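The values are calculated or read from the model by the stated rules, or taken from the named source; none is laboratory data. Just so we're clear, the structure is a prediction, and the values are computed from it rather than from any experiment. We place every Cβ from the backbone using ideal geometry, glycine too, and count neighbours over all the protein chains shown.
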Amino acid sequence: MEQTESTNEVVVDTTELPALTAADRCDICGAQAFIRVVLATGDLVFCGHHGTANKDKLKPIAISWQDETNKLN
């Protein structure tokens, strides 16, 4: 089950966002992406580590935060 948190009072229906797959790779290190950040200028995808590391910087400007780290074992 995917989780999408919304910021700036913008509500995003999780059914609009496709699930992340093994083909989605972290924009920083190339590992499998488990976090998608939707910004006004486009999307970023991150592995769990880099998503967590950048969360404080990105949350204030994110339209939505799709976190699928629950898929990690």
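For the range 22-73, enumerate the residues that are surrounded by 15 or more Cβ atoms within 10 Å (Cβ to Cβ) and touching a residue at least 60 places away in the same chain (Cβ under 8 Å).
Result: Ser64, Trp65, Gln66, Asp67, Glu68.
What residue, among those in the range 1-48 that are in a helix (DSSP H, G or I) and within 16 Å of Asn70 (Cα to Cα), is modelled with the highest pLDDT?
Among residues in the range 1-48 that are in a helix (DSSP H, G or I) and within 16 Å of Asn70 (Cα to Cα), the one modelled with the highest pLDDT is Gly48.
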